[in-house]
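Taking it in order: structure first as structure tokens, then the write-up.
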Amino acid sequence: MRKTILTGDRPTGPLHLGHYVGSLKNRVELQHTHETFVLIADLQALTDHADHPDQVRRNILEVAFDYLAVGIDPNVSTIVVQSGVPELAELTMYYLNLVTLARLQRNPTVKDEMRQKGFDTDVPVGFFVYPVSQAADITAFKAHLVPVGEDQLPMIEQSVEIVRRFNRTYAPVLVEPTALVSTIARLPGTDGQSKMGKSLANAIFLSDSVDVVAQKVMGMYTDPKHVRADDPGTVAGNPVFSYLAAFDPDAASVEDLKRRYRVGGLGDVTVKRHLIEVLESFLTPIRSRREELRRAPEQIIRILREGTERGRAVAHETLRDVRHAMHLDCY
Ligand code: TRP
């Protein structure tokens, strides 16, 4: 039997190169050998965008364009809009009883995000418990594998704990998921910070224009001690080389550039020009597919409706088993 994969993204903006490297690439590769569900997590987006439902709704389409443009094939993958599957909210409610406040407070990703969003004292409860709703996403679709970036590992860990507790307490009906982290788990931001993030103003988006990509690359952080081209430079922690490693198909040439940069004699502008070329050969086909899709939004809407319906049928089945296991189907 084919294994099931589930992943998702919050539709709070367009997707970026970090999403591609961390998760989209894996999904595109695995969709032909696995039953694949891709969730547009609009309910999760509302956990920190409750006042902007219009923005969330708009971004559902942007994310869907990005999916199809990078090669997620709706004939083999099922794209599901989270709010179209109310079973997920029901399942979240049941799981909330299986998680303690202290355990949620220890989730390092939630902690980081709370700090970033300035939520230290005023965190919405929905945001705080989103790892629980994510466990509902993963288990409702009976996922075996969850391809995610490194920052999402704590969510999978919590999902596993919930599954074990549920199966032990009620009946063994839930599938235990495993995280699948890509070889390059995390792409740094253009500012050299450890993570590329939409809200950190250090992202290159899949939908950025040629000019914007060039401008972002030219403004990228490099080794601050590499002042003149002749100075020896540092490759470690230098995002220009991280991006080359992730996107330049010619690994030998990347190694050669690194060597020349280290000894001195290779200028930042030269490497950046090369990176722009590399990114453009990756982004050009994505951009043109995106433009094509934009002209046919009705087609995308149909894909989302059909995917959501198919996803809902699976979640419905899971909820039937869950309710039975919890003795909630007697009346
Ligand atoms: N939390 C994920 C993110 O911020 C999005 C997400 C929602 C997700 N539900 C999921 C990822 C289920 C994997 C599985 O990117």
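A quick yes/no check of all residues on (1) within 18 Å of the chain's Cα centre (by Cα); (2) not polar (S, T, N, Q):
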{"position": "Arg2", "(1), (2)": "no, yes"}
{"position": "Leu15", "(1), (2)": "yes, yes"}
{"position": "Ser23", "(1), (2)": "yes, no"}
{"position": "Ala41", "(1), (2)": "yes, yes"}
{"position": "Thr109", "(1), (2)": "yes, no"}
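Just to be sure I understand, how many residues within region 132-145 are part of a loop (DSSP other than H, G, I, E, B) and more than 10 Å from the ligand (Cβ to nearest atom)? Matching residues across region 132-145 total 2.
Quick check on region 202-239: of everything there that is part of a helix (DSSP H, G or I) and over 23 Å from the mean Cα position of the chain (by Cα), which residue is surrounded by the fewest Cβ atoms within 10 Å (Cβ to Cβ)?
If we take residues in region 202-239 being part of a helix (DSSP H, G or I) and over 23 Å from the mean Cα position of the chain (by Cα), then Asp211 is surrounded by the fewest Cβ atoms within 10 Å (Cβ to Cβ).
Of all positions in region 110-126, none carries a residue that is within 24 Å of Ala313 (Cβ to Cβ), within 13 Å of the ligand (Cβ to nearest atom), out of contact with any Leu (no Cβ under 9 Å at 6 or more places or on another chain) and not aliphatic (A, V, I, L, M). For region 303-313, does any single residue satisfy the condition of being under 26 Å from the mean Cα position of the chain (by Cα), closer than 18 Å to Asp66 by Cβ and not assigned by TED's automatic domain parsing to the domain that holds Asn75? No, because not a single residue in region 303-313 is under 26 Å from the mean Cα position of the chain (by Cα), closer than 18 Å to Asp66 by Cβ and not assigned by TED's automatic domain parsing to the domain that holds Asn75. Taking the criterion of being of a type in the set (Val, Ile, Thr) and within 15 Å of the ligand (Cβ to nearest atom), the residues of region 151-173 that qualify are Ile156, Val160, Ile162, Val163. When we screen Val148, Val129 for residues that are closer than 27 Å to Thr36 by Cβ, within 16 Å of the ligand (Cβ to nearest atom), in contact (Cβ under 8 Å) with a residue 40 or more places away in the chain and of a type in the set (A, V, I, L, M, F, W, C), the only hit is Val148.
The requirement of being free of Cβ contacts under 8 Å to residues at least 40 places away in the same chain, over 25 Å from Asp66 (Cα atoms) and outside any loop (DSSP other than H, G, I, E, B) is not satisfied by Leu244. Close contacts from region 94-118, counting a first residue that is at pLDDT below 95 and a second that is aliphatic (A, V, I, L, M), with Cβ to Cβ under 6 Å and a gap of 6+ residues or different chains, come to Met114/Val123. Residues that are within 14 Å of Val85 (Cα to Cα) and more than 16 Å from the chain's Cα centre (by Cα) within region 134-146 comprise Ala136, Thr139, Ala140, Phe141, listed in sequence order.
Residues in region 98-109 that are surrounded by 13 or more Cβ atoms within 10 Å (Cβ to Cβ) and more than 10 Å from the ligand (Cβ to nearest atom): 5 in all.
When region 1-29 is filtered for residues that are outside any loop (DSSP other than H, G, I, E, B), among the aliphatic types (A, V, I, L, M) and more than 15 Å from the ligand (Cβ to nearest atom), only Val28 remains.
Just checking, does region 163-182 include any residue being touching a strand residue (DSSP E or B) at 6+ places or on another chain (Cβ under 8 Å), buried (at least 21 other Cβ atoms within 10 Å of the Cβ) and more than 24 Å from Arg2 (Cα to Cα)? No, region 163-182 contains no residue that is touching a strand residue (DSSP E or B) at 6+ places or on another chain (Cβ under 8 Å), buried (at least 21 other Cβ atoms within 10 Å of the Cβ) and more than 24 Å from Arg2 (Cα to Cα).
Considering region 30-59, and only residues there that are closer than 15 Å to Thr7 by Cα and of a type in the set (A, V, I, L, M), the residue that is nearest to the ligand (Cβ to nearest atom) turns out to be Ala41.
The values are calculated or read from the model by the stated rules, or taken from the named source; none is laboratory data. All values derive from a computational prediction rather than experimental measurement. A quick note on method: Cβ atoms are made from the backbone with ideal geometry, for glycine too, and the neighbour counts reach across all protein chains shown.
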